[in-house]
Structures are given as C-alpha cells and as structure tokens.
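Participant: After the structure tokens below, expect a handful of questions from me.
The values are calculated or read from the model by the stated rules, or taken from the named source; none is laboratory data. If you're wondering where the values come from, they're calculated on a predicted model, not measured in any experiment. We work out accessible area using only protein heavy atoms, side chains counted, and drop any ligands, DNA or RNA first. Shrake-Rupley method; radii C 1.70, N 1.55, O 1.52, S 1.80 Å.
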Amino acid sequence: MMSAPVDLRNASNSAGNALSHEQGSSSTAVPPMPDYSGRILAYTVTAVIIVIGVLQSAFEHWLLWLVAGALLWPHIAHFLTRRTFLNRSPRIRQKMLLVDCVFGGTFIGLTGLVAVPAVSVALMMMFSCLIIGGIRQWLMGTTLMASAIAAGAALAGPAESFQSPLLTSISAVLATGIYICVTAFYSHQQARALMLAKTQIQNQREQSIALSHKLSKYLSPQVWQSIFTGERDVRLETQRKKLAIFFSDIKGFTELSEEMEPEALTELLNHYFNGMSEVALKYGGTIDKFVGDSIMVFFGDPTSRGQKEDAFACVSMAIEMRKHMKIMRQKWRSQGIKTPLQIRMGISTGYTTVGNFGAENRMDYTIIGKEVNLASRLESLAEPGEILVSYETFSLIKDRIMCRDKGEITVKGFTKPVPIYEVVDFRRDMGPNRSFLEHEHSGFAMYLDSDKITEKERKAILEALEDAADRLRSEEELPDSGKLG
C-alpha cells in the first residue's frame with residue numbers, strides 16, 4: 001500500500017562513479033528497494049490479511065473483491081508513474097504515497113475498524129511516510145488516511161466486534177512485521193552503502209587535495225590559486241597588461257660549475273632558488289620560470305595592486321634579494337665555496353602579453369613582449385650586486401627609492417635609446433637614521449635591519465656583538481699568542 005522507503009540510488013551511483021576512476025568499486029552497494037517492489041510487498045501482505053480475515057469471518061465476504069484491487073494496483077501505479085506524463089511530475093513518489101494512504105484508510109474504514117488489522121495497515125503507511133518524506137509527509141499522509149477511514153466507516157458502518165480472531169491478528173502482525181523488516185533492511189543497507197561512499201569520497205578528496213598541492217609546485221602560487229578557485233579558465237588565451245618584469249642571474253656561476261661536482265652544484269642552486277623564491281612570494285611576485293641560474297618574476301598578474309605599487313614591490317623584492325645574497329654568500333663560504341657569487345638584476349615596466357601559451361594539451365603561463373627583452377637586457381648589463389631599472393620603473397618608484405642615472409642604452413624593439421637607472425636603496429634607509437646596516441669581509445658578515453628586531457632579540461644581538469668585540473680586542477692585545485682561524 002505504499003512505495004519503497006528510501007531511494008539513495010542516485011547518491012550511491014554518483015559516489016560510485018566518482019570513485020571508480022581512481023579506486024574502482026571496493027564493495028557492491030545494495031540497491032534500494034524500488035517503489036514497484038515495495039508497493040507489491042505492501043499490497044500483497046494486505047491481501048493476505050483480507051483473505052484470512054474473511055475466512056475467519058472477521059470481515060465481510062464482499063471485501064474479497066479488494067484482493068484483486070490490491071494485487072493489480074502496484075502494476076497500475078508503476079505504469080502511471082513510468083509510462084505516462086506523470087513521470088515528469090515533481091515529487092511523484094510522495095504524491096503516489098498519499099494516494100496509497102487514501103486507499104489504506106478506505107480499507108480500514110470498510111473493514112469496520114477491526115483493531116489489529118487496522119493498526120497493522122496504518123503502521124505500514126506511517127512507516128513509509130516517515131522514511132520517504134519525513135514529518136511533513138507523515139502529517140499529510142496521516143490526515144488523508146484519517147479522512148479516508150472516516151469516509152469508509154460511514155459507508156460500511158462499524159464491525160460487530162472491534163476484536164479480530166487470533167489467527168487474523170497474528171497474520172496481520174506478521175505481515176506488517178515482514179514489510180517493516182524488509183524495508184528497514186534495505187534502508188539500513190543503503191545507509192551503510194552511503195556511509196561507505198561518503199568515506200571513500202572523503203578519502204579521494206584528501207588525495208585530490210594532496211595531489212593538487214603537489215601539482216602546485218609546478219605553478220606560481222598566484223596562478224595555481226586563480227585556477228583552483230575558478231577565477232581563471234585553463235585554456236589558450238592572453239591579454240595585454242602593464243607589468244613589472246624582473247630578471248636575475250648569478251655572476252660567477254659558470255666558473256663555479258666547472259669547479260664543483262654536479263650534486264653539490266645542484267644543492268647550492270636549489271638552496272639559492274628556495275631563498276629567492278621565498279623573497280619573491282613575500283612581495284607578491286609571480287614566479288615565471290627558472291632557467292639555469294636565472295630567475296624571471298613579474299608583478300601585476302594574476303593580481304595587481306596598481307602599477308605604482310607593483311613596480312615598488314618588484315624593486316623592493318630586488319633590494320631584499322641583494323641583501324639576502326650576502327647571507328647566502330657567507331653560508332657558502334663556510335661550506336668551502338670560495339668563489340664570490342654575486343647576483344645581478346634588471347627590472348622594466350610596461351605593457352606585455354600575458355596568459356597561456358602553447359598547445360591545448362600542454363600550456364605555459366608566461367609573458368612576452370619587448371619589455372621582457374628590456375628587463376633581460378638590463379640584467380645582462382648590470383654589474384655584480386647591481387639593480388638596473390628602466391625609466392618607466394624609475395618614474396614609479398623615485399619618490400620612495402633612491403636611484404642613480406646610468407645613461408642610455410639601445411635595445412632591439414625600441415626606436416629610441418632607453419634611459420636606465422641604478423637602484424641605490426630605500427630612501428628611508430639612507431642617512432644616519434637608516435634601519436639597515438651591512439658589512440661583509442673575509443671571516444665576517446653582518447646583516448642588520450633594526451626595524452624587524454624585537455626587544456628580546458635586541459639583547460641577544462648586543463651580547464653577541466660585545467662577545468665578538470671582546471674577542472677582537474683580546475687578539476689585538478696579544479698578537480703573538482696566536483689566533484684561531
């Protein structure tokens with residue numbers, strides 16, 4: 001008299017499809033009992049109750065006609081919901097269950113409200129309503145069933161006795177128990193299958209996240225973020241944008257590569273790239289590529305803070321890289337690398353073409369244009385430890401960064417000579433009140449940025465400097481006592 005309790009088929013199939021590609025089917029999910037089968041089971045047990053009730057004179061003999069209706073209705077309902085326009089009706093399962101509640105209530109009323117069979121049929125319908133549609137469906141089904149009971153009782157009148165014979169009562173209870181147990185079993189199996197699918201999907205999600213983080217190592221974090229958040233499509237497309245472009249390489253690296261073993265050279269280069277990448281990401285730069293010992297970074301895409309701020313961030317990054325190189329050089333010297341490696345840098349600002357270049361099955365997110373060539377040329381012209389910038393970059397940063405005029409150069413793609421400038425330092429770090437100090441000699445290196453030092457660190461640094469000063473003074477006073485190398 002009612003449809004199957006729960007339909008998790010779509011959820012289970014979707015979960016299975018999502019998992020099959022990577023993990024395969026680890027278990028066979030029990031399919032939900034279809035509406036057709038559930039309705040056949042419900043109406044069959046109701047027909048059994050009618051037959052036994054008539055045989056024991058608990059019901060009128062004319063009610064045997066309801067057996068034919070009970071056995072035919074599941075097939076009629078299946079045809080209506082699958083073969084006619086009703087299959088497009090929203091919430092058709094819930095609507096057909098309400099029809100079942102009307103039929104069930106009518107049956108209870110026509111039997112004269114005999115207690116045990118009436119309660120058994122009512123329990124089956126309320127059980128199905130709760131599982132399929134929740135409290136709202138249960139309230140609607142109960143209301144319709146009560147109305148149908150009243151109409152049926154008014155038509156047939158009450159039974160002579162509300163008590164049913166023992167066999168009729170037992171058969172009604174057993175029939176209802178069978179229906180509830182079967183439907184509950186299917187619901188339990190579906191719930192288990194859904195929990196298993198949920199666990200597998202969660203595991204796959206964690207694996208996908210871990211894989212995406214691994215893949216992110218091959219992309220700049222900004223580009224990776226824009227792709228995975230849906231801000232940018234992965235397709236061949238470009239646009240024109242004004243960017244600040246940075247190039248750098250290591251002076252003396254070629255000579256060093258001839259002296260060192262490949263494994264040690266690789267470790268040194270990776271250490272250098274790791275340190276410089278951290279600086280680039282700190283200032284919001286998009287790391288384009290590493291080529292040999294060269295680094296290419298640009299500012300202004302995928303995100304931009306404005307042309308002026310992008311240019312300032314790019315030059316600020318270059319200044320910090322130059323300072324960071326001193327620390328690295330001291331560390332390399334302590335490892336026995338005597339070649340004085342120096343970084344040289346070039347920066348230009350202008351319109352470039354940025355986006356995905358390549359083929360549909362292999363793309364590279366990069367930039368092209370004459371400004372890229374200019375930045376590369378400036379890097380190749382720079383002296384060790386020098387940062388050269390184009391006039392466009394200089395005009396955007398000159399109020400906050402001190403630069404020195406270096407004349408003009410001729411660059412392919414530019415009709416006129418290009419004025420270039422050397423970056424000296426932040427204006428705030430110039431003069432007696434500067435926060436940054438550095439000194440580097442053989443056996444000694446100092447890098448000090450007082451704005452970044454906490455009070456606790458300040459005391460430790462002062463103690464270390466005092467110890468170092470005492471050591472140097474004692475060695476000066478005892479020149480013949482020997483010095484520790």
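Participant: Return the subset of 241/326; 214/456; 338/398; 217/412; 308/459; 214/282 for which the Cα-Cα distance in this structure is over 31 Å, preserving the input order.
Facilitator: Result: 241/326; 214/456; 338/398; 217/412; 308/459 exceed 31 Å.
Participant: In percent, what relative contact order does the chain have, based on Cα pairs under 8 Å that are 6 or more apart in sequence?
Facilitator: So the answer I get is 11 percent.
Participant: Straight-line reach from residue 95: which aspartates and glutamates have a Cα under 19 Å away, not including same-chain ones fewer than 8 places off?
Facilitator: Here the aspartates and glutamates satisfying the reach criterion relative to residue 95 are 7, 35.
Participant: While we're looking at this one, here's another question. I need to check one value: relative contact order of segment 270-420, counting alpha carbon pairs closer than 8 Å and at least 6 residues apart, in percent.
Facilitator: Details: 195 pairs, mean separation 26.9, N = 151.
Relative contact order, segment 270-420: 18 percent.
Participant: If you don't mind, another one. Run lengths n ≥ 4 of DSSP H only: what is the helix-derived mean residue ellipticity at 222 nm for the chain, with -39500 (n - 2.57) per run over all residues, to the nearest 500?
Facilitator: Taken over the chain, the calculation gives -19500 deg cm²/dmol.
Participant: What whole-number value in Å² describes the accessible area per residue of the chain for a 1.4 Å probe? Working shown, then result.
Facilitator: On the way: 27080 Å² over 485 residues.
For the chain, the solvent-accessible area averages 56 Å² per residue.
Participant: Would you kindly calculate the translational diffusion coefficient of segment 222-297, applying Stokes-Einstein with the Kirkwood radius from alpha carbon pairs, for 37 °C and a viscosity of 0.692 mPa s, and quote it in µm² s⁻¹ without decimals?
Facilitator: In µm²/s, the coefficient rounds to 222.
Participant: For q = 0.07, 0.13 Å⁻¹, what log10 I(q)/I(0) does the chain give under the Debye formula with an equal point scatterer on each alpha carbon and no solvent?
Facilitator: Calculated log10 I(q)/I(0) at the listed q: -0.64, -1.18.
Participant: Which aspartates and glutamates, if any, have their Cα less than 17 Å from the Cα of residue 242, not counting same-chain residues under 8 positions apart?
Facilitator: Reachable aspartates and glutamates: 288, 301, 309, 310, 371, 392.
Participant: Can you send over the carbon and sulfur percentage of the accessible area for the chain, probe radius 1.4 Å, protein chains only?
Facilitator: Roughly 58 percent of what the probe reaches on the chain is carbon or sulfur.
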